[in-house]
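The values are calculated or read from the model by the stated rules, or taken from the named source; none is laboratory data. Values in this document were obtained by computation on a predicted structure and should not be read as measured data. Note: ideal-geometry Cβ built from the backbone for every residue, glycine included; neighbour counts use all protein chains shown. Quick note on the areas: whole protein, heavy atoms, side chains included, nothing else; ligands and nucleic acids left out. Shrake-Rupley method; radii C 1.70, N 1.55, O 1.52, S 1.80 Å.
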Amino acid sequence: MRVSEHMLEKVEGQKEKIGELLLQHTSLTQEQLSEALHIQEESGMLIGEILLRKNYIHPHDIVTVICHQVGIPYINEIKVEEVDPNITIDIPINYAKSHEVLPLLETEISVTVAISDPFNFDVINDLQEIFKKEILIAVAPPMRIQDAINRVYEKANRNLVDTIEDEFEESLDLDGPIDILDAGADEAPVIRFVNSLIFRAVKERASDIHIEPFEKETVYRFRINRVMTEIMRQPIKTHAAVSARIKVMAKLDIAEKRLPQDGRIPIKMAGKDIDIRLSTVPVQNGERIVMRILEKNNNVLQLEHLGFEGKTLRQLDELSKRKHGIVYVSGPTGHGKTTTLFAMLERINTPDKMIITVEDPVEYEIAGVSQIQVNHKIDLSFAKALRSILRQNPDVIMVGETRDLETAEMAVQASLTGHFVLSTIHTNDASSAPNRLIDMGVQPFLIASSLAAVLAQRLIQTLCNDCKEPYTATDLDLEHMGIDSIPPDATMFKPKGCPKCNFRGYAGLTSVSELLVINDEIRPLILQKADASAVKRQAMKSGMVTLRNAAVEKVLQGVTSVEEMVRAINEEDEET
């Protein structure tokens, strides 16, 4: 644990008794204390700080002494068997571990908690907000608290699993989408468990649920704001029941466990339509299951709401008005490429335009747009669908992904014959897209004449506005951002964590992007098959803002933190 200045000052305020207390309650010797007092007379440092630097006492020894001095209860042992695991339901295990706090006893008016730092008032305030009761503290050693946390939370998970195992009779029929919140208490345990899992994922705004079977246990994880978070672990013997229930909901073959399967689960939750895309793959210890959650709503996608602003937004507006050419959106899987394309389609979608899309799968349904879903079982590929689309004479075509030569060539031909084409491509940055198309086999002169722009983007987490804390940037922060100083009108923030953001410090996502517009300076480089770095240098001379610089701007605006920028933007993304 870290000893705060408040603690050291508290000890210093009682210095007439500190020596006696330290000798009585710690392993400090009289000789070590005398040496520390001599150093204090010469340096003026706090006695506690001197003893810590000399390693004569441990950090928690300071807390022990303060507790005896001010009358705070101090416990060396936590009786886990006497702690009700249900008391921890509203406190995430990661929060409990990082703040070294564990609720022990709840009454009608108060909650007693074990904590390692009695002066961590932020944690005490958080607990008051959660329980809406008086918080009574007892101090315990950090290692004792960490051990108790593991055992109490394990007992809480085991109780849930025991319920599933004790009552395993169910009717696995699901007629159409039902509201899972209407499922009664008389439902079979596995049904209630799967419903509660989905409900928790939607409540915490998770984009994916990952269920991973290992040798002895199944690990449940959510992807929240693009970050994987472990939720719980359960014995492997419960996996088959959960897997069967989910596959029945998706109308898949529950007997087939050797082949991958894909399905869809339409459900309702509190009246909202939720669409879940299910994917199962056989692994060594069972079937690994991934459920992608798509919340259907009538919200119109807007580029401004996705994080685009300034020059990039103006350029995207201009591109949306084009009559022909190709615009690619690039980036890793799950970083919002399709969402950005649909936001552009919303700008284009007017009664005088005919728009057709080919997708795998159709994720958003837009009124006035004809959408085709790829079906590999009947050999309906992107290229085959695109060839048929051209006979429909559309104005705008969106292709979900350009992944092979046939699709790329069809998109190029469509743009050259007067169609405006939108698509995605997998490259690390915008400048790599022309070379990726050349690697596929597309002729450079066709790329130079048809490609209008490439937008590369990443999703980064946004700080929670209710708890983000301003701070002064360090030299390391400035080095990460590649700047010498913080502008006078900018304020840096860091994550803290509060009940509203589930103690993560982050509350949403926004995009950072770089837009490569193909101009007269870039086209010759494409014809010469120049490498991506040369294209990027020329684009920056023409005013392109790189991914790294876009992320730095979000940091200076107080939208995100330096550590999130470093996590989301790879080092290679900033090479020029």
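For the structure I just gave you, tell me whether Ile145 is over 27 Å from the mean Cα position of the chain (by Cα) and touching a residue at least 12 places away in the same chain (Cβ under 8 Å).
So Ile145 passes the test.
Give the residues of the range 318-335 that are open to solvent by 20 Å² or more (accessible area, probe 1.4 Å) and touching a helix residue (DSSP H, G or I) at 6+ places or on another chain (Cβ under 7 Å), sorted by residue number.
Answer for the range 318-335, where residues must be open to solvent by 20 Å² or more (accessible area, probe 1.4 Å) and touching a helix residue (DSSP H, G or I) at 6+ places or on another chain (Cβ under 7 Å): just His324.
Given the residues Val512, Val559, Val555, which is the only one that is aliphatic (A, V, I, L, M) and in a helix (DSSP H, G or I)?
Only one candidate passes the filter, namely Val555.
Can you tell me which residue is surrounded by the fewest Cβ atoms within 10 Å (Cβ to Cβ) among those in the range 414-430 that are touching a helix residue (DSSP H, G or I) at 6+ places or on another chain (Cβ under 8 Å) and part of a loop (DSSP other than H, G, I, E, B)?
Thr417
Just checking, does the range 389-398 include any residue being touching a residue at least 12 places away in the same chain (Cβ under 8 Å) and buried (at least 24 other Cβ atoms within 10 Å of the Cβ)?
Yes, the conditions are met somewhere in the range 389-398.
Tell me, please, whether a residue that is buried (at least 17 other Cβ atoms within 10 Å of the Cβ) and in a strand (DSSP E or B) can be found in the range 248-262.
yes
Take Lys54 and decide whether it is under 14 Å from Arg144 (Cβ atoms) and not polar (S, T, N, Q).
Here the answer is no, as Lys54 does not meet what is asked.
In the range 33-48, which residue that is open to solvent by 50 Å² or more (accessible area, probe 1.4 Å), part of a helix (DSSP H, G or I) and not charged (D, E, K, R) is farthest from Val65 (Cα to Cα)?
Ser43
Across the range 480-531, which residue is farthest from Asn125 (Cα to Cα) among those that are polar (S, T, N, Q) and crowded, with 21+ Cβ neighbours inside 10 Å?
My answer is Ser513.
Determine which member of the set Ala408, Ala433, Ala453 is open to solvent by less than 10 Å² (accessible area, probe 1.4 Å), aliphatic (A, V, I, L, M), assigned to a strand (DSSP E or B) and within 25 Å of Lys536 (Cα to Cα).
Result: Ala453 is the single residue among Ala408, Ala433, Ala453 that is open to solvent by less than 10 Å² (accessible area, probe 1.4 Å), aliphatic (A, V, I, L, M), assigned to a strand (DSSP E or B) and within 25 Å of Lys536 (Cα to Cα).
Considering each of Arg458, Arg403 in turn, give the residue that is touching a residue at least 12 places away in the same chain (Cβ under 8 Å), open to solvent by 30 Å² or more (accessible area, probe 1.4 Å) and under 26 Å from Gly336 (Cβ atoms).
Arg403
Test Asp477 against the stated conditions and say whether it is charged (D, E, K, R), crowded, with 17+ Cβ neighbours inside 10 Å and within 24 Å of the chain's Cα centre (by Cα).
yes
Within the range 200-238, which residues are under 11 Å from the mean Cα position of the chain (by Cα), more than 18 Å from Thr280 (Cα to Cα) and of a type in the set (S, T, N, Q)?
Asn225, Thr229
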